[in-house]
1. All but one of (1) of a type outside the set (Gly, Ala, Ser); (2) buried (at least 16 other Cβ atoms within 10 Å of the Cβ); (3) assigned to a loop (DSSP other than H, G, I, E, B) hold for Asn94; which doesn't?
2. Going residue by residue through region 111-118, is there one that turns out to be farther than 30 Å from Val271 by Cα and not hydrophobic (A, V, I, L, M, F, W, C)?
3. Pick from Asp45, Asp40: which is farther than 13 Å from Leu75 by Cβ, in the same structural domain as Gly97 (by TED's automatic domain parsing) and over 21 Å from the mean Cα position of the chain (by Cα)?
4. Identify, from the list Tyr156, Tyr209, the residue that is more than 13 Å from the chain's Cα centre (by Cα) and more than 25 Å from Ser286 (Cβ to Cβ).
5. Looking at Asp285, Asp211, Asp217, which is the one that is in contact with a strand residue (DSSP E or B) (Cβ under 8 Å, 6 or more places away or on another chain), in contact (Cβ under 8 Å) with a residue 24 or more places away in the chain, among the charged types (D, E, K, R) and under 27 Å from Phe25 (Cβ atoms)?
6. I'd like the full set of residues that are among the basic types (Lys, Arg) and either surrounded by 15 or more Cβ atoms within 10 Å (Cβ to Cβ) or in a strand (DSSP E or B) (or both), limited to region 103-148.
7. With the condition kept exactly as written, say whether any residue in region 170-184 is hydrophobic (A, V, I, L, M, F, W, C), assigned to a helix (DSSP H, G or I) and touching a helix residue (DSSP H, G or I) at 6+ places or on another chain (Cβ under 8 Å).
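The values are calculated or read from the model by the stated rules, or taken from the named source; none is laboratory data. In this text, all values refer to a predicted model and were calculated from it rather than measured experimentally. Here the Cβ positions follow ideal geometry from the backbone for every residue, glycine too, while neighbour counts run over all protein chains shown.
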Amino acid sequence: MATFLVTGAIGQIGSDLTIALRKRFGEERVIATDIRMPADVTLRDSGPFEFLDVLDEHHIIRVMQQYKIDTIYHLAAVLSAVGEARPGVAWRVNVSGLYNMLETARQYKCALFFPSSIGAFGPSSPHDNTPQETIMRPETMYGVSKLTGELLCDYYFKRFGVDTRGVRFPGLISHQAEPGGGTTDYAVEIFFEAIKHGRYTCYLKADTYLDMMYMPDAVKAMIDLMEAEPSKLIHRNAYNISAMSFTPEQLTAEIRSHIPDFVIDYAIDPVRQKIADSWPNYMDDSAARREWGWKHEYDLPQMTRSMIKEVSQRLRG
């Protein structure tokens, strides 16, 4: 039976994925790693946790030698808004860190999952129904590093036969972990503020469309892709996947169907607004649906109902 290594396990994606993998495959077969200890009791106590800095080869070797890893989910990354503030750090973590994990996968004969992003596209990419293959000229360090990561994964698959696979995530919405400095984080923050205070100040314009996905669908996509038949994977390292597209104004209207007195106002952050304006409104994910059966479960009303329920329970707890 496979043993899994998750880097960046405390992050927004990693925390949900680690718990899901442990429920599915067993607690001892999922090794969570990060550069800090998890505060979440469920994540900390549900299975093995190791300190691992993806920029330190000695850390990586120690963990790989201690556990017989078959599959790596490499999620350690610096996100878009933080990446613009600290571009050098973003390049080192997102590119050099990925290179180290690809070398690890090559040496230890592991499969590797790498999450790319809508950030890999740029203002010259088509914004509506963005094709699987199209012009990609990102203008942020985050986008540049993610596009570089896609190409590195392609190279390691073609040059060394490493079983690399990945998706281009839209904005991800989760109640499990705090936002980590991404441009789409308003769609998480808004639920916490709506429930705690009944008010939210949004940093994006009211009519800003962005491609989005609820975290349970994202976790399902990662696991499904890594279990897919290899011979069917044509675009193996950069599948567009999509679930819903909405604006802050539309999300507010949906929240008001549950919290009628919810109030939103706007204080536009020019850095994050510029990033959002360069990203797709929604992607064409037909290749993922055709090649490995991708299918989302949550739309905007379903996601909103679930987030309000889960965030309310978390805040009460």
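1. The number of the failed condition is (3).
2. We begin by selecting, within region 111-118, every residue farther than 30 Å from Val271 by Cα; these are 111-112.
Next cut, not hydrophobic (A, V, I, L, M, F, W, C) only: none.
Looking for residues that are farther than 30 Å from Val271 by Cα and not hydrophobic (A, V, I, L, M, F, W, C), one finds none in region 111-118, hence no.
3. Details: Asp40 fails: over 21 Å from the mean Cα position of the chain (by Cα).
From the options Asp45, Asp40, the qualifying one is Asp45.
4. Working: Tyr209 fails: more than 25 Å from Ser286 (Cβ to Cβ).
Residue meeting the stated conditions: Tyr156.
5. Asp285
6. Those that are among the basic types (Lys, Arg) and either surrounded by 15 or more Cβ atoms within 10 Å (Cβ to Cβ) or in a strand (DSSP E or B) (or both): Arg106, Lys146.
7. Residues of region 170-184 that are hydrophobic (A, V, I, L, M, F, W, C), as a first pass: 172-173, 177.
Remaining after also requiring assigned to a helix (DSSP H, G or I): none.
For region 170-184, residues hydrophobic (A, V, I, L, M, F, W, C), assigned to a helix (DSSP H, G or I) and touching a helix residue (DSSP H, G or I) at 6+ places or on another chain (Cβ under 8 Å): absent.
Results for (1) surrounded by fewer than 16 Cβ atoms within 10 Å (Cβ to Cβ); (2) basic (Lys, Arg), shown as yes or no for each residue.
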site: Pro216; (1), (2): no, no
site: Ile223; (1), (2): no, no
site: Gln250; (1), (2): yes, no
site: Lys295; (1), (2): yes, yes
site: Pro301; (1), (2): yes, no
